[in-house]
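Take a look at the structure set out below.
The values are calculated or read from the model by the stated rules, or taken from the named source; none is laboratory data. Note that this is a predicted model, so its numbers are computed, not measured. Glycine also receives a Cβ, built like all others from the backbone with ideal geometry; neighbour counts cover every protein chain displayed. Side chains are part of the model used for accessible areas, which takes the heavy atoms of the whole protein and leaves out ligands, DNA and RNA. Shrake-Rupley method; radii C 1.70, N 1.55, O 1.52, S 1.80 Å.
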Amino acid sequence: MKVIHEGAALPTLPSGSVVTVGTFDGVHRGHKALLTETTTLARQLDCPAVVVTFDRHPATVVRPETAPHLLTTLSYKLELLAQTEIDATYVLRFDEERSLESPEEFMREVILGTWHAQTVVAGEDHHFGHRRRGDVTLLAELGARFGVKVISVPRVVDERLAQPISSDAVRHALATSDIDFANELLGHTYEIQGVVEHGDHRGRQIGFPTANVAVAGDMHLPADGVYAGWYVRPSGSVHRAAISIGRRPTFYAENGLLLVEAYLLDFDDDLYGEHGRVRVESWLRGQTRFGSVDDLKAQLVRDVEATRQLTR
């Protein structure tokens with residue numbers, strides 16, 4: 001998949017393209033249905049399948065006080081999109097000027113002017129343009145005016161959720177410690193990324209050295225707790241990991257920093273400074289304040305064994 005940022009050179013499009021537009025935060029199963037429809041139509045028309053997305057969540061510009069925390073960074077979102085059959089992703093700057101653009105202007109400038117779309121594929125709940133005034137009905141009207149076919153794709157309904165899959169549904173599952181359900185909605189294992197930094201070495205002092213993964217403040221984390229999962233190094237090597245997300249209540253009764261820490265099983269090497277990926281697979285337990293460090297160490301031994309069993 002080719003990634004093209006706004007302002008960069010564009011490919012020639014003798015047969016136009018099939019375009020879908022969205023934020024695609026999380027690239028969950030609902031998004032994947034939309035992407036599949038886009039690529040299927042593009043293959044039939046013998047033209048590129050194109051995703052148009054944004055360099056930030058639009059809500060951070062139009063309503064920053066209530067903007068959601070993100071499931072994926074831009075780089076990780078592009079990585080997930082590259083695992084599909086999409087041919088190109090066009091990353092637009094989303095700023096105040098873009099937020100004031102009307103649906104008609106967006107259609108003329110981006111969908112037609114940039115990508116010469118034959119067909120636009122949209123989810124049935126899609127909104128675009130200033131104040132989200134554009135919807136599928138307006139998109140179809142604009143398509144008829146400009147000679148562009150518009151395909152509306154029904155939202156994917158999860159049986160357990162009994163409602164359409166959405167990024168908000170994934171966030172809710174993570175916030176309630178239901179990591180299994182979050183991963184089911186995503187269609188892949190939830191992943192946290194960040195640079196491994198030095199901490200206060202509490203883990204090393206008690207025999208459980210952890211990778212302290214610094215996570216951007218706008219990212220959505222699972223609920224505080226201990227999880228089983230994996231740590232992936234930049235080399236691609238994958239290691240079982242017992243993962244702690246929380247404020248270490250045994251050491252800090254109040255005002256502890258929220259940390260993502262991964263204890264890699266059967267591992268002894270320096271991770272500082274590398275970009276780590278923490279894949280959260282299974283819930284083990286909530287965060288607990290233990291009466292002594294020895295009690296904590298005994299529980300950590302059990303956590304490690306549970307991780308070993310769950311990540312076979």
Completion exercise
Among 173, 242, 182, the single one that is over 21 Å from the mean Cα position of the chain (by Cα), of a type in the set (A, V, I, L, M) and either modelled with pLDDT of 95 or more or closer than 22 Å to residue 27 by Cα (or both) is 242
Fill in the blank from the handout: For segment 129-151, pairs from a residue that is without any contact (Cβ under 8 Å) to a residue 12 or more places away in the chain and farther than 23 Å from residue 94 by Cβ to a residue that is surrounded by 18 or more Cβ atoms within 10 Å (Cβ to Cβ) and basic (Lys, Arg), with Cβ under 9 Å and 6 or more apart or across chains, are none
Exercise for the section: Return yes when residue 234 is within 28 Å of residue 267 (Cβ to Cβ), at pLDDT 95 or above and in a loop (DSSP other than H, G, I, E, B) and no when it is not. Expected result: yes
Problem - So residue 177, is it of a type in the set (Gly, Ala, Ser), in contact (Cβ under 8 Å) with a residue 24 or more places away in the chain, surrounded by 14 or more Cβ atoms within 10 Å (Cβ to Cβ) and farther than 30 Å from residue 285 by Cβ - result: no
Practice task
Would you confirm whether any residue within segment 63-71 is in a helix (DSSP H, G or I) and touching a residue at least 60 places away in the same chain (Cβ under 8 Å)?
Solution key: no
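Assess whether residue 236 counts as being crowded, with 16+ Cβ neighbours inside 10 Å and within 26 Å of the chain's Cα centre (by Cα).
No.
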Completion exercise
Checked segment 182-193 for anything of a type outside the set (Val, Ile, Thr) and assigned to a loop (DSSP other than H, G, I, E, B); matches are 187, 188
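Among the candidates 155, 204, 247, which residue alone is free of Cβ contacts under 8 Å to residues at least 24 places away in the same chain and either of a type in the set (D, E, K, R) or surrounded by fewer than 21 Cβ atoms within 10 Å (Cβ to Cβ) (or both)?
Values: 155 fails: free of Cβ contacts under 8 Å to residues at least 24 places away in the same chain; 247 fails: free of Cβ contacts under 8 Å to residues at least 24 places away in the same chain.
Exactly one of 155, 204, 247 is free of Cβ contacts under 8 Å to residues at least 24 places away in the same chain and either of a type in the set (D, E, K, R) or surrounded by fewer than 21 Cβ atoms within 10 Å (Cβ to Cβ) (or both), namely 204.
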Exercise for the section: Determine which single condition residue 196 fails, assuming it passes every other condition in (1) open to solvent by less than 10 Å² (accessible area, probe 1.4 Å); (2) of a type in the set (Val, Ile, Thr); (3) in contact with a helix residue (DSSP H, G or I) (Cβ under 8 Å, 6 or more places away or on another chain); (4) assigned to a strand (DSSP E or B). Expected result: (3)
Practice task
Only one of these is of a type outside the set (Lys, Arg) and either touching an Asp or Glu at 6+ places or on another chain (Cβ under 7 Å) or closer than 22 Å to residue 30 by Cα (or both): 135, 95. Name it.
Solution key: 135
Fill in the blank from the handout: If you go through 280, 304, the only one that is in a strand (DSSP E or B), β-branched (Val, Ile, Thr), at negative phi and surrounded by 17 or more Cβ atoms within 10 Å (Cβ to Cβ) is 280
Handout entry: Filter result for residue 54 (buried (at least 20 other Cβ atoms within 10 Å of the Cβ), modelled with pLDDT of 95 or more, at positive phi and of a type outside the set (S, T, N, Q))
Key = no
Exercise for the section: Report, ordered by the first and then the second residue, all pairs with beta carbons closer than 6 Å, sequence separation of six or more or different chains, a first member in segment 281-296 that is of a type in the set (Ser, Thr, Tyr), and a second member that is at pLDDT 95 or above. Expected result: 282/228
Practice task
For segment 207-231, name all the residues that are assigned to a strand (DSSP E or B) and without any contact (Cβ under 8 Å) to a residue 60 or more places away in the chain.
Solution key: 212, 214, 227, 231
Practice task
Identify the residue in segment 79-123 that is polar (S, T, N, Q) and in a strand (DSSP E or B) and, among all such residues, is farthest from residue 139 (Cα to Cα).
Solution key: 89
Practice task
Please find, within segment 283-301, the residue that is most open to solvent (accessible area, probe 1.4 Å) out of those that are under 25 Å from the mean Cα position of the chain (by Cα) and under 19 Å from residue 230 (Cβ atoms).
Solution key: 283
